[in-house]
Amino acid sequence: MKSNLNEKFLILQAKKGDKEAFSQLIKQVEKRLFNVAYIINPEDAEDIVQDTFLQAYSSIKKFKGKSSFYTWIYRIMMNLIYKKYKRKKINFKKSIIKNENNKDEELKEKLRIALTKLHPKFSQIITLFYFEDYSIKEISEILNIKEGTVKSRIFKAKKYLKKFIEKNEPF
C-alpha cells in the first residue's frame, strides 16, 4: 500500500515535470523491463529499454493512472517492439534464461533457442507468466487482452516449446 501511494505521488510529480520523480519511477521498473527485452532480443535490449524510457518521459502527462506504472511502461515497450518488428524481420539470437536449478545443459540450450524462436506474442506471455510470476489476470491487464487469450497463448506457446525441445523441429 505504501509503495502504491509512493508511486502515485511520483507519477503526479513526474507529470509536473519533476525529472527526479520520473527517474525514481524508472529505477523501480528498469531491471524488469530489461529482462523482458533481453528475452525478446538480446542484442537490442538496452536500446529497446532506452527508447521506452524516452517515449514514457514524453508521454507521462498522458498517463491516466488506470494501471500501475509498470503496466503502462511495459505496454509502451511492447508497442515499440511491435513497430520495430513490423519494419524489419529480426534475426533472433540465443537468450540467456537464468535457471540455476536445471543441470541439464542440453535442455537449457534447447529452451533458450526455442524461446527466441517463438513469435513475440508468445514469448512475452511465457516471460510474464513463468519468469516475472504474473497471474493470468495481471497479464490480461498488462497486455490489454482477455484472460482467455492469455490462457490460450500460454497453452500454444508451451505446445510449441515442447515440440521444439522434444523433436528439435522448427516452428
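Brief remarks on what is shown
- Any hit, the range 27-40, residues being more than 14 Å from the chain's Cα centre (by Cα) and either more than 26 Å from Phe131 (Cβ to Cβ) or modelled with pLDDT of 85 or more (or both): yes
- Residue count for the range 18-43, restricted to those that are in contact with a Lys or Arg (Cβ under 9 Å, 6 or more places away or on another chain) and either outside the structural domain of Gln55 (by TED's automatic domain parsing) or assigned to a loop (DSSP other than H, G, I, E, B) (or both): 1
- Members of the range 58-83 that are over 15 Å from the mean Cα position of the chain (by Cα), in a helix (DSSP H, G or I) and either buried (at least 16 other Cβ atoms within 10 Å of the Cβ) or assigned by TED's automatic domain parsing to the domain that holds Ile145 (or both): Ile60
- Among the residues of the range 45-55, some residue qualifies, meaning at least one is modelled with pLDDT under 90, under 12 Å from the mean Cα position of the chain (by Cα), among the hydrophobic types (A, V, I, L, M, F, W, C) and not in a loop (DSSP other than H, G, I, E, B).
For every residue, the table says whether it meets (1) closer than 19 Å to Lys31 by Cβ; (2) in contact with a Pro (Cβ under 9 Å, 6 or more places away or on another chain); (3) modelled with pLDDT of 90 or more; (4) charged (D, E, K, R).
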position	(1), (2), (3), (4)
Ile60	no, no, yes, no
Lys66	no, no, no, yes
Tyr70	yes, no, yes, no
Lys108	no, no, no, yes
Ile165	no, no, no, no
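- For Ser23, the requirement of being modelled with pLDDT under 90 and surrounded by 12 or more Cβ atoms within 10 Å (Cβ to Cβ) is not met.
The values are calculated or read from the model by the stated rules, or taken from the named source; none is laboratory data. Please read all numbers here as calculations on a predicted model, not as lab measurements. Ideal geometry is used to build each Cβ from the backbone, glycine not excepted, and the neighbour counts take in all protein chains shown.
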